[in-house]
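Enquirer: What follows is a structure written as structure tokens; I'll ask about it next.
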Amino acid sequence: MELHYALNVMVWPKKGEVVRILVDDGIETMAGVIGSGIVLRPTHAAIGTGSDTLTAGDTALLTETDRNAFTSVDLTVAKDATFVADFSSTEISGTAMQEYGLFNAAAAGSMFNREIISTITFEGDRELQLQTTFRFAKSGA
């Protein structure tokens, strides 16, 4: 089985370019969930200002600046799990966002993925919505 995912970075009025990686910590947590029956799905999205190279061994954002619980989780499409997190203009004002990740806790926790994006600077006049979809597929699909 393979796991694919996509990220939509919705910033009004600009959209960023994305480089992504599903990290080992996230893969191991998902495998543990399947094997144990314990529900440890991602529950929060975090943003940060770090821009170092992505590695599968990453366990945290380089420089996390904010973390929010998901505003919605959609499981209605077969083989997909879509998570949405919203960040208000006031909470991200002054942030030069360059990275993003999903976690299963309000602080620390397991990081499922890490994204590096082109810098988006928030100056109190724009909101951010992050939508991440994990798609489960057969190997080679």
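Enquirer: In whole Hz and in residue order, list the ³J(HN,Hα) couplings for the range 115-124 that follow from phi through the Karplus curve 6.51 cos²θ - 1.76 cosθ + 1.60, θ = phi - 60°; x for Gly and Pro.
Expert: Whole-Hz 3J(HN,Hα) from phi for the range 115-124: 10, 10, 10, 4, 4, 10, 9, 9, 10, x.
Enquirer: Report ³J(HN,Hα) in whole Hz for each residue of the range 52-68, in order, from the Karplus equation J = 6.51 cos²θ - 1.76 cosθ + 1.60 where θ = phi - 60°; Gly and Pro get x.
Expert: Each residue's phi maps through the Karplus curve to give 6, 5, 6, 9, 5, x, 4, 10, 7, 5, 5, 9, 5, 10, 7, 9, 10 Hz.
Where a number appears in this text, it was derived from the coordinates with a stated rule and is not lab data. Keep in mind that this is a model prediction, so the values were computed, not measured.
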